[in-house]
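Presented below is the structure to which this report refers.
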Amino acid sequence: MPQQPPSDKLPDDLLLVLRKRPEKSYTTFGLARKLSRPPEDIIQALLRLEEWGYKIHTTRKGEISFRSAPDLLTATEMTYGLKTKLIGRRFFAFGKVTSTNEMAAQLAEAGVYDGTVVTAEEQTHGRGRLGRSWYSPPGAGIYVSIILRPKFRAELAPGISIMTALALSETLNEYMLGKVQVKWPNDVLIEGKKVAGILTELSADGPTINQLIVGVGINVNHRAGDFPADIRDHATSIRRASGRNEQRVLLLQRFLARFEKEYSKYEKDGLARSRTRLKAYSSLLGHDVTLVSGTDTITGHAVDIDREGRLVLRTKEGKASIASGEVTVSSAKPRASD
Ligand code: BTN
């Protein structure tokens, strides 16, 4: 697989023409005229596209038409058909990076626009929550970071992870109807195994946010044996759960569109308009849980997620609302009263 996406203008322009009307056939001369380039340049550009995995059909008479695109998270593929106004309108696609969150932080420091999206085909040091790593082999998963420059105060930043978990769950639910759950605060599960994770990193001066980087890893086309032994029993992928390969480009486009919708609601009303949907996806509500938050351990019955995205537990001492932590379920069955 190529490690850097195509970036020159002629293949991109040529692609746009071919894709706009895939049913139409062109001659090399016709394309040369249309793009104001010599025919030899067109032939070179077509060869480049084929090298990248584009399928271009040429008849014996030399008529050319578009057949299919490779499933590469390139800026060209991602922005073609992306239905967003802000998120992903600026796009940086890398082959191999240490971590897209790290790249995004550097780009944000350099002043890139709100809504810029960074992807990679592979991460060598994908970062997870709580200092863990995120397994990021080439081509199989989606590794994406969204750079946000919100106007709201820094204390509202943690809710963005929960909002992202909702956008992600609703997207994955289109592929795995009824099987997707959110393990509060922001792990996304299919059939109890982790399929996606979110790592939000904030840079702020007191209450003022400089930038918020929302990093999302989705296991898409991994086979069971692709996962390292230590995570194989707890991790899954869409392919592992459904038996089908999915197009990463389409999945990411759908996710970014949902993310944009949820984000604009969040900017206006916080989680108020997403809470009911969030609760419907929760894997914890109705269960006895143990929650570790810093040095505290709390056990209780998970009864609610409040407007701030906190998990509400009924404990022996009364109700407790917790903003962050690691949860384990201690009872498999919900109580009859819930
Ligand atoms: C977790 O569940 O622990 C969070 C995992 C987040 C992984 C993503 S992959 C894209 C982005 N870049 C990173 O280095 N991490 C996040």
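General observations
- Residue ID - farthest from the ligand (Cβ to nearest atom), chosen from residues in segment 200-223 that are open to solvent by 30 Å² or more (accessible area, probe 1.4 Å) and among the β-branched types (Val, Ile, Thr): 208
- Identity of the residue in segment 100-134, open to solvent by less than 30 Å² (accessible area, probe 1.4 Å), hydrophobic (A, V, I, L, M, F, W, C) and near the ligand (Cβ under 10 Å from one of its atoms), that ends up nearest to residue 150 (Cα to Cα): 104
- Residue count for segment 222-237, restricted to those that are in contact (Cβ under 8 Å) with a residue 60 or more places away in the chain, within 22 Å of residue 169 (Cβ to Cβ) and of a type outside the set (Gly, Ala, Ser): 3.
- For segment 66-79, the candidate set comprises residues that are touching a residue at least 60 places away in the same chain (Cβ under 8 Å) and touching a helix residue (DSSP H, G or I) at 6+ places or on another chain (Cβ under 7 Å); within that set, the residue that is surrounded by the most Cβ atoms within 10 Å (Cβ to Cβ) is 77.
- Residue count for segment 135-165 under the criterion of being in a helix (DSSP H, G or I), within 12 Å of the ligand (Cβ to nearest atom) and open to solvent by 10 Å² or more (accessible area, probe 1.4 Å): the result is 1.
- Top-ranked residue in segment 168-199 [being of a type in the set (Ser, Thr, Tyr) and surrounded by fewer than 23 Cβ atoms within 10 Å (Cβ to Cβ); ranked as nearest to residue 246 (Cα to Cα)]: 175
- Condition met for residue 92 (within 16 Å of the ligand (Cβ to nearest atom) and open to solvent by 10 Å² or more (accessible area, probe 1.4 Å)): yes
- Restricting the first member to segment 13-25 and to residues that are in contact (Cβ under 8 Å) with a residue 60 or more places away in the chain, and the second to residues that are of a type outside the set (D, E, K, R) and in a helix (DSSP H, G or I), the beta-carbon pairs closer than 7 Å and six or more apart or on different chains are 15/49; 15/76.
- Of the numbered criteria (1) more than 14 Å from the ligand (Cβ to nearest atom); (2) farther than 20 Å from residue 78 by Cα; (3) touching a helix residue (DSSP H, G or I) at 6+ places or on another chain (Cβ under 8 Å), the one residue 178 fails is (3).
The values are calculated or read from the model by the stated rules, or taken from the named source; none is laboratory data. Keep in mind it's a predicted model, so treat the numbers as computed, not measured. Positions of Cβ are backbone-derived with ideal geometry, glycine not excepted, and every protein chain shown enters the neighbour counts. Ligands, DNA and RNA are excluded from the accessible area calculation, which covers all protein heavy atoms including side chains. Shrake-Rupley method; radii C 1.70, N 1.55, O 1.52, S 1.80 Å.
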